[in-house]
Amino acid sequence: MRVLVTGATGFVGSHAVAALLAAGHAVTAHVRDASRVPSLLRGRVAVVEGPLEALDPRGHDAVIHNAIVWRDADDERGLDDQHVAEAVFRAAVDVGVEAVIYTSSTAVHRPFTRGMDESQRLAPSDDYGRTKAANERSLARVTDGTETRAVVLRPGPVVGGPAVEGARVKPFAPLAEVVRRACDGEEIEVTRGEGRQFVAAEDLARAFVRAVESPRARGAYLVVARELVSWELVARVAVERSGSASRVRVVDGDGSCEHGFDVSRLERDLGLRCTARRAVEDEVARLVARLRGD
């Protein structure tokens, strides 16, 4: 299949592109700046530039909308992420693209509670989550009554190295802060039992491929590992890898953060079971090496 990917040079986008190529698909990468396309992808992907709101997806079987466009107070056009996303979705439907896959986020589920799944009513508590939820609704509205499959992937915090040499890596800020404190020898306080369901970048990339390929893929999917990686584990790994004398202080909480996403739908429809602990440990090691200048 021929797949058009927006935000193709970002951390998540470059992993999606690499996985699609490995699966034998032809990829068109929409980028803001063609000079930022990693050298190992040049010649392997078609590259298009230009404003996203003028995107032309003719000739493609699927569109993965991964780019994010935040409102700029100095931008007279006043375009924001929601307007651009709807323009991309409409352009794809208008030319009969078979599938549109949108990169959302578990942020649409905030505030987090126990046992969340895709059937939960969305009432996110921050601007990022509200924007992602609005774009999900836009995709459903635009594709309603059409032949285009609408697929939403809701990844949790993504961990992993670059997809190819030269691709960008974006560490999860709270994880990076724990590593920084360990490298600086500071005390690290964590709440007992509190953690996150991460997703390895390679698993998220596989989810994009399966969403493109499988006619069964429709609607929203939480894309996270089943297991929760505790902040206590992250802190202890960071201290060990950095050789730090930092003390990890574990305090009791009220249990309100003990939540878990139900990923049964992802496993059933896409046949994908995500893992994360090893990827988190590897991420900690990379961050330690970077801060230490190794």
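The values are calculated or read from the model by the stated rules, or taken from the named source; none is laboratory data. The model shown is predicted, which means the values in this text are computed figures rather than measured ones. For neighbour counting, all protein chains shown are included, and Cβ atoms are generated from backbone atoms with ideal geometry for every residue, glycine included. Note: accessible area is taken over every heavy atom of the protein model, side chains too, but ligands, DNA and RNA are not part of it. Shrake-Rupley method; radii C 1.70, N 1.55, O 1.52, S 1.80 Å.
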> What shape does segment 178-285 have by the C-alpha gyration tensor, where a ≥ b ≥ c are the square roots of the eigenvalues, rounded means a/c under 1.5, and otherwise prolate means a/b greater than b/c and oblate the rest?
Replying inline: oblate
>> Give me the percent relative contact order of the chain, please, defined on Cα pairs under 8 angstrom at least 6 residues apart.
In response: 19 percent
> In terms of modelled amide H atoms, which long-range or inter-chain residues lie less than 5 Å from the amide H of Ala220?
Replying inline: Val152
>> At 7 Å along Cα-to-Cβ for each site, give me the label-to-label distance between Glu53 and Arg249 in nm.
In response: 5.1 nm
> For the chain, what does -39500 (n - 2.57) per DSSP helix run (n ≥ 4), summed and divided by total residues, give at 222 nm, in deg cm²/dmol to the nearest 500?
Replying inline: -11000 deg cm²/dmol
> FRET efficiency for Glu186 and Asp282, Cβ-Cβ distance as r, R0 = 25 Å, nearest 0.05?
Replying inline: 0.65
> Looking at segment 121-167, which trypsin sites (Lys or Arg not before Pro) are DSSP coil and have at most 10 other C-beta atoms within 10 Å of their C-beta?
Replying inline: Arg121
> Can you list, largest first and rounded to whole Å, the semi-axes you get for the chain by taking the square root of 5 times each eigenvalue of its Cα gyration tensor?
Replying inline: 33, 22, 18
>> Place a point 7 Å from the Cα of Lys170 along the Cα-to-Cβ direction; which residues of segment 90-114 have their backbone N under 16 Å from it?
In response: 102-108
> Considering the dipole of the chain built from charges on the beta carbon (Lys and Arg +1, Asp and Glu -1) around the Cα centre, which of Cys274, Val250, Phe261 is farthest to its positive end?
Replying inline: Cys274
> Within the accessible area of the chain, what % is carbon and sulfur when the probe is 1.4 Å and the other protein chains stay in place?
Replying inline: 46 percent
> Amide H of Glu189: which non-local residues (sequence gap of 5 or more, or other chain) have their own amide H closer than 5 Å, using H built in the peptide plane?
Replying inline: Arg249
>> Please compute the contact order of segment 135-265 in relative form: average sequence separation of alpha-carbon pairs under 8 Å and at least six residues apart, divided by the residue count, as a percent.
In response: 34 percent
> Taking segment 160-254, which trypsin sites (Lys or Arg not before Pro) meet the DSSP loop condition and have no more than 12 other C-beta atoms within 10 Å?
Replying inline: Arg216, Arg247
> For segment 1-100, which trypsin sites (Lys or Arg not before Pro) are in a loop by DSSP, counting at most 12 other Cβ atoms within 10 Å?
Replying inline: Arg58, Arg77
> Where in segment 228-249 does the amide nitrogen come within less than 20 Å of the point 7 Å from the Cα of Leu291, taken along Cα to Cβ?
Replying inline: 229-249
>> If you fit an axis through the alpha-carbon atoms of helix 231-242 and take the longest principal axis of the Cα set of the chain, what angle between them do you get, 0 to 90°, nearest 10?
In response: 70 degrees
> Quick one: net charge of Ala91's neighbours, Cβ under 11 Å, K/R +1, D/E -1?
Replying inline: -2
>> For the ranges 275-282, 6-13, what's the packing order if you count other beta-carbon atoms within 10 Å of each residue, average per peptide, and put the highest first?
In response: 6-13, 275-282
